[in-house]
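What follows is a single structure, written as structure tokens, with notes after it.
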Amino acid sequence: MEKKNTLKTRNLVLVHMSGATQSKESWLQDIADETMRYYKIDVTKFDCSVDGGRAVVKATNVIEARIWGSHGTWTLHGTTYLRRADNGYGWIRCNP
């Protein structure tokens, strides 16, 4: 769990398909106690476009998981917006 904890920002809030929101800490606890269990994640589509100092990453993932007692496979689409870091090295997540 320590490694997972370093992968996301501290103020992360997840929004589930149902519309329910969950804090990072609560999500990690659900994974630790197996209330949520992820079996397989496949990236089926990935696109990145860069325009100057901004980038847009779009991805489609097929996820097999057990979430709060429901086992299934879900297709999730996500878009992430990034801007170039002030020092010119790397990227920082930002609003659209």
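For the stretch 8-96, the list of chymotrypsin sites (Phe, Trp or Tyr not before Pro) that fall in a loop by DSSP and count at most 11 other C-beta atoms within 10 angstrom reads Trp68, Tyr89. Pairs of Cα atoms nearer than 8 Å and 6+ residues apart set the relative contact order; for the stretch 15-76 it is 27 percent.
According to the Cα-based calculation, Rg over Rh for the stretch 51-96 is 1.22, with Rh computed by the Kirkwood formula.
Seen through its C-alpha gyration tensor, with square-root eigenvalues sorted a ≥ b ≥ c, the stretch 24-73 comes out oblate because a/c lies at 1.5 or above while a/b is not bigger than b/c. Relative to the Cα centre, the charge distribution of the chain, modelled as +1 at Lys and Arg Cβ and -1 at Asp and Glu Cβ, gives a dipole magnitude of about 240 debye. Across the stretch 54-68, coupling constants 3J(HN,Hα) worked out from phi with the 6.51/-1.76/1.60 Karplus curve, θ = phi - 60°, read 10, 9, 10, 10, 10, 9, 10, 10, 10, 10, 9, 7, 10, 10, 6 Hz, and Gly and Pro carry x. Treating each Cα of the chain as an identical point scatterer and summing with the Debye formula, the log10 of I(q)/I(0) at q = 0.18, 0.19, 0.21, 0.22 Å⁻¹ comes to -1.03, -1.11, -1.25, -1.30. Label-to-label distance, Ile31 versus Met17, with points set 7 angstrom from Cα along the beta-carbon direction: 1.9 nm. Here the Karplus curve 6.51 cos²θ - 1.76 cosθ + 1.60, taken at θ = phi - 60°, turns the phi angles of the stretch 14-29 into couplings of 8, 10, 7, 4, 6, x, 5, 9, 8, 6, 4, 4, 5, 4, 4, 5 Hz, with x standing for Gly and Pro.
Any read-out appearing in this document is the output of simple, stated calculations on the displayed coordinates, not a laboratory observation. Keep in mind that what you see is a predicted model, and the values were worked out from it rather than measured. Every residue, glycine as well, gets a Cβ built from its backbone with ideal geometry; the counts of neighbours run over all protein chains shown.
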